[in-house]
1. Comparing L70, L56, L152, which has the greatest mean-square fluctuation in the GNM of the chain with Cα pairs linked when under 10 Å apart?
2. Mind jotting down the distance between the C-alpha centroids of segment 156-222 and segment 29-44, whole Å?
3. Take V115, V45 and order them by how many other Cβ atoms sit within 10 Å, fewest up front.
4. If you wrap a convex hull around the C-alpha atoms of the chain and split its volume per residue, what is the figure in Å³?
5. Among 154-160, 244-250, how do they line up from the highest to the lowest mean number of other beta-carbon atoms within 10 Å?
6. Only helical DSSP H runs with n ≥ 4 go in: add -39500 (n - 2.57) per run for the chain, normalise by residue count and round the 222 nm mean residue ellipticity to 500 deg cm²/dmol.
7. If you keep only loop residues by DSSP, which trypsin sites (Lys or Arg not before Pro) in segment 70-108 have at most 13 other Cβ atoms within 10 Å of their Cβ?
8. Of K220/K250; K198/K247; K71/K98; K98/K128, which ones are farther than 20 Å apart at the Cα?
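Please treat every number below as a calculation from the coordinates, not as lab data. Keep in mind that this is a model prediction, so the values were computed, not measured. Here Cβ is always computed from backbone atoms with ideal geometry, including for glycine, and neighbour counts include all displayed protein chains.
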Amino acid sequence: MIFSAAGLIGLGGCNLSSQKIEFEKAQKAAASNEHRQALEHYGNVVQRHVKTDLALQAAQEAGRIAYYELKDYEKAVGYYKHVVIYSTDPNARLEAQKLIAEINFENLQNYPQAVTEFNRLLELPHQKAEGLRYRMAVARSYFYMNNFFQALVEAEGILARDYEPKDHFDAAELKANVLLQTKKYDESIAFITELLQKYPEQSKERQLGLLLTVCYEEKKDFAKAIESLESIKDSYPNKEFIEARIKNLKERQGHLPGARGWRK
């Protein structure tokens, strides 16, 4: 089939016109809070016209609606990936990449993918505070995957960097949890004790005293566990909970071999 030049121009104009009409339908639906219809129309623009400026705008709007309005996180990631791949605006690509990483971590809890996406962000220009947040997300992702070795590597890598001392706390707390999970109770006790002295306010806020109690409890050192709970009882928001834990530990201590009242 042979098209004349005028025919080709006509086809191009028709294509542009249909794209604009679809986009306007999406805008109208979005303005009326008809989010699913808006997403469908925006999606049509993205799929049919891919690399056009209007398709990129549609992808951004579709991502926003899927993420914030419909909570359809998989679709949101797909649309933001479109922006990362096809946009020529570095700021738009960066913001889309941030959202992809956050959605995988916070909403989809796809931790292997979150590691990949946050590492991509670390390769891009970023502020120091952002780098800390990205690295903590990577470290926590490994922790949630039960890859405690790599979680510890990442946490210690953060602690070795020249962040402000107060900004080291999250990584230090994660390291304490890794030591506990890997049953390195003595190391964990020593490390948490150090944190309680170095970061008293943050430790109180995060209730590290309870973590210390768990370490002693796992070692069956109930006297130390009770001592730890007694030290935080007055500052803990739920004093009854602490008192119940102390009572339980005293009962367990009473059943240890050699304890008063122990029976064979």
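1. Answer for the Gaussian network model of the chain: L70.
2. Cα centres, segment 29-44 to segment 156-222: 48 Å.
3. Ascending Cβ contact count within 10 Å gives the list V115, V45.
4. 203
5. On the way: 154-160: 17.9, 244-250: 15.3.
Listed from highest to lowest mean packing, they are 154-160, 244-250.
6. -23500 deg cm²/dmol
7. Working: sites: K71, K75, K81, R93, K98; in loops: K71.
Of the trypsin sites (Lys or Arg not before Pro), the ones in loops of segment 70-108 whose Cβ has at most 13 other Cβ atoms within 10 Å are K71.
8. From the list (K220/K250; K198/K247; K71/K98; K98/K128), the Cα-Cα distance tops 20 Å for K198/K247.
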